[in-house]
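The values are calculated or read from the model by the stated rules, or taken from the named source; none is laboratory data. Owing to the predicted nature of the structure, the values given are computational and were not obtained by experimental measurement. Note: ideal-geometry Cβ built from the backbone for every residue, glycine included; neighbour counts use all protein chains shown. Surface accessibility is based on the protein's heavy atoms, side chains included, excluding ligands, DNA and RNA. Shrake-Rupley method; radii C 1.70, N 1.55, O 1.52, S 1.80 Å.
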Amino acid sequence: MEWIDPIFGFLKYVLKAFLIYGLFILIERLRPVEPNQPFRDIVFNLKWYVVYTLFAFLLNAIGIGALVEITRHWLGGPYLTLPEPRNWIETILGIVFYFLIVDFFYYWLHRFQHTSSFLWEQHKFHHSEVSLNVTSTRRVHWLEEPLILAFIVIPMSLLFHIEPIAVGLLAFIEIIWLQYIHLNLRLELGIFTPIIVGPQHHRIHHSFQSEHIDKNFAVFFPIWDILFGSYHRARKGEFPATGLTTGENYNNIWDANILPFREWFGQRYLGSLKNKLVQKKLLR
């Protein structure tokens with residue numbers, strides 16, 4: 001009966017997430033950017049969350065997380081130990097410092113997902129969201145898990161040693177923060193806009209307007225966008241529509257699952273390579 005525990009763990013995890021989503025949905029109703037978002041879009045995202053979480057659990061079950069310890073053993077990390085904070089001020093400073101570094105790694109993963117046509121095929125499902133709201137947070141393909149492991153988790157684990165309790169706290173903050181920046185909420189941060197990411201800043205990133213394309217990659221601190229030339233400061237009252245320039249949304253469980261594979265094995269990538277090899281062979 002050992003198989004029952006993972007099932008209950010999975011269900012418990014999903015139910016907790018749905019509870020948090022529900023609380024944020026109530027907050028969104030206070031001042032929504034889009035008051036009448038189609039309910040079917042939210043339902044699809046909730047269904048997809050279950051699919052995404054299932055694949056994430058399966059990837060962990062086959063031992064993908066072991067790559068962290070393997071890499072640490074191979075490269076000799078972690079190199080830095082964060083001192084235990086002695087008061088609440090040091091705790092806050094430590095959390096800010098940690099997420100500043102996390103955001104640096106996430107910035108470059110995120111930017112590569114937009115600038116690399118190959119990685120874009122995996123990422124565009126997230127950007128096909130036309131009803132941006134808290135349930136859009138995990139509207140990402142499950143291949144995001146190994147990418148996050150490679151680009152963020154492994155580098156951070158090599159850099160820092162953090163006590164297990166702190167890791168749990170940081171993971172919880174990250175989950176809540178990602179949900180916060182996807183809110184369908186007309187919230188402007190005013191003078192804090194260039195300092196900390198909010199829903200308006202991230203909505204700009206999801207916009208299909210030409211001036212917003214490939215802008216605002218950071219998810220915690222806009223400093224990385226400012227330093228690397230991808231910052232667009234939202235104007236007062238600027239809450240654009242979201243989605244792809246092509247208008248596709250992939251709101252189908254099967255289509256969303258096979259989307260990157262269909263593109264990679266299609267004419268543009270594998271098909272194009274095959275044609276080039278055939279042409280090269282004919283020219284000999």
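Contact map, the range 129-150: residues that are in contact (Cβ under 8 Å) with a residue 60 or more places away in the chain and under 23 Å from SER207 (Cβ atoms) paired with residues that are buried (at least 24 other Cβ atoms within 10 Å of the Cβ) and of a type in the set (Val, Ile, Thr), Cβ distance under 9 Å, separation 6+ or inter-chain. Pairs shown: GLU129/THR242; VAL130/THR242; SER131/THR242; LEU132/THR242; SER136/THR242. Of the residues making up the range 200-221, those that are part of a helix (DSSP H, G or I) and in contact (Cβ under 8 Å) with a residue 60 or more places away in the chain are ARG203, HIS206. Reported count of residues in the range 135-152, each being of a type in the set (D, E, K, R), open to solvent by 30 Å² or more (accessible area, probe 1.4 Å) and either modelled with pLDDT under 95 or not in a loop (DSSP other than H, G, I, E, B) (or both), is 1.
For the range 18-65, the set of residues classified as over 19 Å from ARG139 (Cβ atoms) and open to solvent by less than 50 Å² (accessible area, probe 1.4 Å) consists of GLY63, ILE64, GLY65, listed by residue number. Test LEU132 against the criterion of being under 23 Å from PHE221 (Cβ atoms), open to solvent by less than 10 Å² (accessible area, probe 1.4 Å) and not in a helix (DSSP H, G or I), and give yes or no. Criteria met by LEU132. Regarding the range 1-13, can at least one residue be identified that is touching a residue at least 24 places away in the same chain (Cβ under 8 Å), β-branched (Val, Ile, Thr) and either open to solvent by less than 100 Å² (accessible area, probe 1.4 Å) or part of a helix (DSSP H, G or I) (or both)? No: the range 1-13 contains no residue that is touching a residue at least 24 places away in the same chain (Cβ under 8 Å), β-branched (Val, Ile, Thr) and either open to solvent by less than 100 Å² (accessible area, probe 1.4 Å) or part of a helix (DSSP H, G or I) (or both).
When LEU59 is tested against (1) outside any helix (DSSP H, G or I); (2) farther than 13 Å from THR135 by Cβ, exactly one condition is not met: (1).
Of the listed requirements (1) of a type in the set (S, T, N, Q); (2) assigned to a helix (DSSP H, G or I); (3) closer than 30 Å to PHE261 by Cβ, SER230 misses just one: (2). Inside the range 167-191, residues that are more than 21 Å from the chain's Cα centre (by Cα) and free of Cβ contacts under 8 Å to residues at least 40 places away in the same chain make up a count of 3. Residues in the range 165-182 that are modelled with pLDDT of 95 or more, open to solvent by less than 40 Å² (accessible area, probe 1.4 Å) and either acidic (Asp, Glu) or over 20 Å from TYR231 (Cα atoms) (or both): 1 in all. Within the range 70-96, restricting attention to residues that are part of a loop (DSSP other than H, G, I, E, B) and farther than 13 Å from PRO155 by Cα, which residue is modelled with the highest pLDDT? Checking each candidate, the answer is ASN87. Scanning the range 97-129 for residues that are farther than 18 Å from HIS182 by Cα, of a type in the set (S, T, N, Q) and either open to solvent by 10 Å² or more (accessible area, probe 1.4 Å) or assigned to a loop (DSSP other than H, G, I, E, B) (or both) gives THR115, SER116, SER117. On the stretch given as the range 233-268, residues that are open to solvent by 40 Å² or more (accessible area, probe 1.4 Å) and part of a loop (DSSP other than H, G, I, E, B) total 13.
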